[in-house]
Every structure is written in structure tokens, then in C-alpha cells.
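First the structure, in the form of C-alpha cells, and then the observations on it.
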Amino acid sequence: MTQGFNFDVFISYRQNDNRVAGAGGEGWVSEFVSHLTTELESMVKGGVSIYFDNDPKHGLRETDQVDASLNSHLKSVIFVPILSQTYCDTASYAWTQEFLPFVKQSAQDPLGPTIKLHSGNVVSRILPVCIHELDADDQALVEKHLDGKLRAIPFIFKSAGVNRPLRSREDDPMKNINRTIYRDQVNKLAMAIKEIIEVVRKPEQRSAVSQKEVKKSSLLDGLTPPPPSVRSITILPLVFNSAHPEEEFLSQGFAEDLFSSLRQVRTLRLSIQGLNSPVSGKLSSPETTPATLVLTGSMTVKEDDITIQVRLVQSRTEKPIWQGDFRCTREELFSLRTRIILEICETLGVQLKENEKRLVQQPTMTSPQALELYWKGRYHWRRRGNDLLTSLECFQKAADIDPNFAQAYAGIANAAVLLGYYEMIPFEEAIAKCRDAAMAALNIDPTLIEAYYALAYVALCYEWSWPDAEHSFSKVFEINPNSPAASKKYRLALTQILCNFEEAETESPGTVPYFLQAYALLHKGKFEEGLQVAQIATKKDPASFMAQRAAGLCYLGLGYEKEAIETLNTAAQLSNRHPLVLFDLIGAYATLAHNEGAQEIMEEAMANINALPAKINDYYFQPS
């Protein structure tokens with residue numbers, strides 16, 4: 001327990017939200033508190049004390065004076081309100097006796113309402129958890145008292161017509177529109193609690209950063225660092241020298257690894273050239289490159305002995321700015337990048353922020369054997385053609401060696417989706433393999449952008465589901481708001497939607513913004529608003545099957561079954577019986593218990609499943 005407080009965490013909720021459904025078991029809040037407690041026990045030294053009124057140790061009993069007891073318990077470091085559709089009720093006990101008093105108390109106690117973390121970020125001592133998507137009025141009410149935007153951790157299961165708490169056994173995000181993973185949300189909240197508790201308990205402590213001495217190259221002596229304004233660098237693969245030319249993936253993988261780490265430094269503008277180029281170490285067009293500096297060099301491999309020379313030169317004059325000579329074993333190669341990056345940043349006068357140091361110095365979280373196979377997989381993946389089969393094999397072997405290697409699963413996903421596009425493996429197998437691998441990657445590392453890219457492509461080009469694609473892109477921008485590759489791919493996705501419909505001559509471009517908005521509202525469960533927007537699209541172009549489909553699904557969500565069937569049948573005819581619309585019809589018929597009609601359409605849809613389109617711009621799958 002934190003000194004000066006009666007509890008570390010106070011859990012506030014409405015009793016309605018913790019009722020047990022059926023005989024036995026626990027209510028949602030009880031189950032959630034149990035999992036959160038277990039998570040915190042394994043994360044925070046000294047433990048965390050949680051007040052929860054249903055807890056046998058600290059909970060209220062029939063003989064306790066409720067108001068007086070709560071006044072004492074509210075003296076907690078962190079307040080976690082479980083926001084539901086009934087929590088934000090100004091007449092409720094949780095609101096008047098728990099939420100509002102804590103807001104007032106936290107503004108007056110020595111800690112204040114907000115905490116500055118060791119990272120420098122500022123957070124509120126109120127950490128809301130959402131188990132329903134709130135009404136606009138309720139959200140506005142919460143934000144009024146928080147004096148800022150509601151920033152909650154969601155535990156919401158969303159599907160058509162569904163808005164309820166996500167349960168622990170529903171850890172399958174592919175069945176959930178929000179793609180919410182229960183375990184990830186528990187861990188996310190626990191991490192937020194841990195950061196606050198550590199600051200309150202040890203305010204003088206700062207995140208330890210390795211101060212390992214970096215040996216400078218003697219070539220640095222006498223060289224004048226460039227002015228701080230120079231921050232644009234193009235990275236080239238190293239010229240590869242070996243008796244085994246098939247191992248060139250080592251030099252290209254090393255260059256790509258440097259690129260991935262250096263782009264974590266926000267003051268640098270990075271580009272990479274020459275991957276799979278017949279002439280490594282040369283700019284494809286030095287006259288037009290926007291970079292002012294080029295990172296290049298050579299790699300010589302003799303059995304287990306590797307010699308690397310890396311140079312940072314001015315792009316036009318090739319005048320050297322920095323040079324490093326390194327010798328290592330094959331296994332040590334995979335951890336050499338940190339030393340090179342620190343030397344480059346010091347030469348350029350770049351002051352790394354704490355979070356940048358942490359990312360740059362982060363050790364490789366897998367074995368050298370698995371990472372070597374991953375580099376080899378990336379090398380063959382870039383070459384396309386039959387090499388895609390080799391890349392898939394390499395990624396799979398890497399995952400077999402290390403089942404916790406998230407990048408290997410992302411590699412499987414991106415290889416599978418391209419193999420399906422090139423018709424090198426069956427369509428259904430490609431999509432299933434892509435989805436399974438991408439979700440496996442995100443279960444290990446929810447911040448892995450490459451996995452979200454694969455899911456976005458499948459949603460966009462195979463399923464025509466803009467809301468799902470947009471959800472994946474929103475995750476990418478949340479993880480890295482400054483990613484130029486993500487911005488380009490997002491613009492490409494928008495352009496590709498228009499191109500798909502224009503090339504098929506089935507859609508009027510003027511309807512696209514409307515039915516995409518309708519789908520977005522539909523997936524949020526806002527069926528009435530979605531229907532209004534879809535009807536605008538159908539009026540603009542009655543022959544738009546995508547607009548008719550959006551309207552039909554909104555009717556279904558509203559319970560207008562007859563209108564839903566009629567509109568979806570219209571969409572099916574306009575789309576030339578497109579399988580996606582047929583599957584919508586199956587769901588509509590099943591809702592009406594019209595099993596015979598559903599079975600007939602199912603057989604028709606399955607017969608045509610391989611006709612689903614897969615348009616692609618190859619840039620989408622270039623290295624990020």
C-alpha cells in the first residue's frame with residue numbers, strides 16, 4: 001500500500017453491472033477485479049491494494065456504516081470508475097457518493113488530480129474503464145467533471161446490434177467489431193496503474209537508461225559534425241562479399257534492421273533504397289535523392305567471422321562524415337545495430353529522448369537463429385514470384401523456433417496474402433492463414449504495425465469492409481502518428497476503393513463517401529443514422545449495390561426484417577450475386593428462421609467464393 005493512502009486503487013461501479021447471469025459464477029465486475037488483481041501481483045513490487053466493495057476482506061458488510069466507510073476508502077491514489085450505460089446517473093450512489101467526491105478530493109490532496117510520469121507524460125488519477133459505448137450526453141457529463149476528454153480503456157464487445165461488456169472467455173477479436181482483446185485491456189490498465197504507483201511511491205526515481213560506453217572510431221578525430229539542421233538520411237544495403245552469395249540476405253537484413261531502429265528517432269528523416277538491387281551500396285538516383293546524407297558500406301562474411309564497414313557520407317560529394325569498422329561473430333551481428341545508431345546520433349549531434357533511447361537500445365527479443373530466418377524470409381518476400389513460397393517457409397521456421405516472435409507471424413501474414421493474390425495458394429487458405437498469423441502476432445505484440453497492414457489489406461481488397469480497414473489503420477496511427485509509410489498506404493487505400501468501383505463500372509464515385517460513412521455508423525451500432533446516410537447514397541444512385549447493401553444491413557440492425565430482405569436482394573441482383581452480399585442475405589434469412597432460403601443461398605455463395613476480387617497496388621507491400 002502507498003504511504004499516506006488507505007488504498008492504491010478504488011473500484012467504483014453500479015451494482016446492476018455486477019449481477020450474476022444464471023446460476024453460479026461471478027458478475028462481470030467481480031471477474032474483472034480478480035483478473036486485474038492477478039495481473040498487478042505479477043507486475044508491481046510490493047503489491048497493490050484494491051478496494052472493491054464485493055471483496056471478502058475489504059468489502060462492506062451489513063453492519064458497516066456505508067457513508068463513513070466510503071469516505072475513508074476513497075482516500076486512494078487511483079480511482080477506476082466502471083462506466084456503463086447507467087453509471088453516469090446523477091441520482092445514483094456511485095456517481096454522487098464515489099465519483100464526484102473523488103474528483104473533489106483529488107483536486108485538494110497533495111498529489112493533485114494529475115500525475116506526471118517518469119516519461120514526462122501527464123495522466124489523470126481517474127482511470128475510467130468503459131463496458132458500454134456511452135451515450136453522447138453521458139460522455140459529455142463525464143468530460144465536464146474530468147475537465148478534459150474522456151480517455152478510457154474499453155472492455156466493449158461490439159457486433160451488429162450488440163453493445164455489452166467483453167468477457168474474459170471471449171478472447172477472439174475476429175468476432176468483435178472493435179477487435180478488443182480482453183487480456184490486452186487488463187494488461188493495459190495494469191500498466192497504467194503501475195506507472196502511477198511507481199511515481200507516487202518513488203518520485204525521485206527515473207527510468208534507468210544504460211550508460212554503456214560506446215567506443216568511437218578513430219576516424220571521428222578531426223571530422224567536423226554537420227550542422228544540426230542536417231537530418232535526412234538514405235540507408236543502402238551493404239556491399240556483400242562472401243563465398244556464399246545466397247547469403248546476401250544478411251547485408252540487406254542488417255540495413256533494414258538499421259532503418260527500422262533509426263526511424264524511431266523523430267528528428268531524422270529516413271528512406272531506404274536498393275533492397276534486392278543488382279548493385280548494392282549505390283543510390284538509384286543520387287541526383288534526385290532528397291537525403292543530404294547516405295549510410296552505406298560493406299559486409300564480408302567468412303564462415304562465422306563477419307567484418308562490417310559502415311560510412312555516413314554526404315550524398316552529392318560522398319565526403320565522409322563518420323565511419324565505423326566492426327568485427328563480430330555471426331550471432332553477434334544481430335545486436336550490433338545499437339552501437340552503430342548511438343555513434344551516428346552522437347556524430348550528428350542528435351539528442352535522443354528517453355523513449356527514443358529505450359526503443360533504440362531495446363535488445364532483440366528472439367534468438368539469432370530465428371532472426372536470421374526472418375531476415376532471409378524478408379529477402380525472398382521482396383523478390384516476389386516463387387520466392388514468396390520460400391519466404392513463407394522461412395517465416396514459419398522462425399516462428400517454430402520462437403513461438404513468441406511476433407514479427408515472424410506478421411511475415412507469415414504478409415506472405416500468405418500475396419500468395420493468394422498471385423494465385424499460388426488457394427484463396428481461402430491465403431485469407432485464413434493471413435488472419436490467423438496476423439492475430440497471433442498481435443496477441444504477442446499489440447503494437448506490431450505490419451500485422452495491422454495485413455488485416456487492413458484483407459478487409460479492404462477481399463471483403464470490401466472499409467470500417468475494418470479503417471480500424472486497422474487507426475491502430476497504426478495510434479501506435480506511430482508520424483509514420484510516412486502509414487500515411488501513404490492509407491491514401492492508397494482510399495484511392496483503391498474508388499478505383500475498384502470505377503474499374504468494375506458498378507459504382508458511381510459520388511456515392512462512395514456516403515456508403516462508407518453508412519458502414520462506419522453501422523459498425524458502431526448507430527443503425528438509424530447509418531440508414532439515413534445510406535438512403536442519401538441510394539437516391540444519388542439507385543444502381544449502387546454497396547449503398548443498397550448498407551441500407552439493408554441497417555434495416556436488419558433496426559429489426560425491419562422485411563425491408564432488410566428486400567433491400568439485400570436488390571443489392572445481390574445489382575452486384576451480379578456477389579458472395580459478400582449473399583452472405584449478408586444468409587444472415588438475414590437465418591434471423592427470420594428461413595432455413596431453406598438460407599441453405600440455398602449458402603450453396604450459391606460457396607460456389608462463387610473464389611470470384612472475390614483482390615486488386616492490389618504493389619507499393620502497399622513494400623518495406624515500411
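Identification of helices (runs of 4 or more DSSP H) wholly contained in the range 343-443 with 1 or more residues that are over 14 Å from Leu455 (Cα atoms) and small (Gly, Ala, Ser) yields 368-383, 387-401, 406-421. From the set of residues in the range 111-134 that are touching a residue at least 40 places away in the same chain (Cβ under 8 Å) and over 18 Å from Tyr13 (Cβ atoms), which is surrounded by the most Cβ atoms within 10 Å (Cβ to Cβ)? It comes out as Ile115. Taken together, the criteria exclude Ser315 from residues that are of a type in the set (Gly, Ala, Ser) and surrounded by fewer than 17 Cβ atoms within 10 Å (Cβ to Cβ). When the range 362-381 is filtered for residues that are at pLDDT below 85 and crowded, with 17+ Cβ neighbours inside 10 Å, only Thr366 remains. Residues that are within 26 Å of the chain's Cα centre (by Cα), closer than 20 Å to Val103 by Cβ and of a type in the set (A, V, I, L, M) within the range 128-142 comprise Val129, Leu134, listed in sequence order.
Restricting attention to the range 143-161, the residues that are within 23 Å of the chain's Cα centre (by Cα) and not polar (S, T, N, Q) total 11. Evaluate the range 327-334: report whether one residue or more is closer than 21 Å to Arg382 by Cβ and either in a helix (DSSP H, G or I) or modelled with pLDDT of 85 or more (or both). Scanning the range 327-334 turns up at least one residue that is closer than 21 Å to Arg382 by Cβ and either in a helix (DSSP H, G or I) or modelled with pLDDT of 85 or more (or both).
Residues are listed down the side, and each one gets a yes or a no for (1) under 27 Å from Ser119 (Cβ atoms); (2) touching a strand residue (DSSP E or B) at 6+ places or on another chain (Cβ under 9 Å); (3) aliphatic (A, V, I, L, M):
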residue: Trp322; (1), (2), (3): no, yes, no
residue: Gly349; (1), (2), (3): yes, no, no
residue: Gln369; (1), (2), (3): no, no, no
residue: Trp375; (1), (2), (3): no, no, no
residue: Cys394; (1), (2), (3): no, no, no
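Criterion applied to Ala520, Ala550 was being under 33 Å from the mean Cα position of the chain (by Cα) and either modelled with pLDDT under 70 or assigned by TED's automatic domain parsing to the domain that holds Ile272 (or both), and the one residue passing it is Ala520. Elements of the type strands (runs of 3 or more DSSP E) sitting completely within the range 155-262 and holding at least 1 residues that are modelled with pLDDT of 85 or more and surrounded by fewer than 18 Cβ atoms within 10 Å (Cβ to Cβ): these cover 162-165, 239-242. Cβ-Cβ contacts under 9 Å between residues 6 or more apart (or on different chains), taken from a first residue in the range 327-339 that is surrounded by fewer than 18 Cβ atoms within 10 Å (Cβ to Cβ) to a second residue that is among the aromatic types (Phe, Trp, Tyr), are listed as Arg339/Phe326.
The values are calculated or read from the model by the stated rules, or taken from the named source; none is laboratory data. This structure is a prediction, so every number in the text was calculated from the model and none was measured. In this analysis, Cβ positions are derived from the backbone assuming ideal geometry, glycine residues included, and neighbour counts consider all displayed protein chains.
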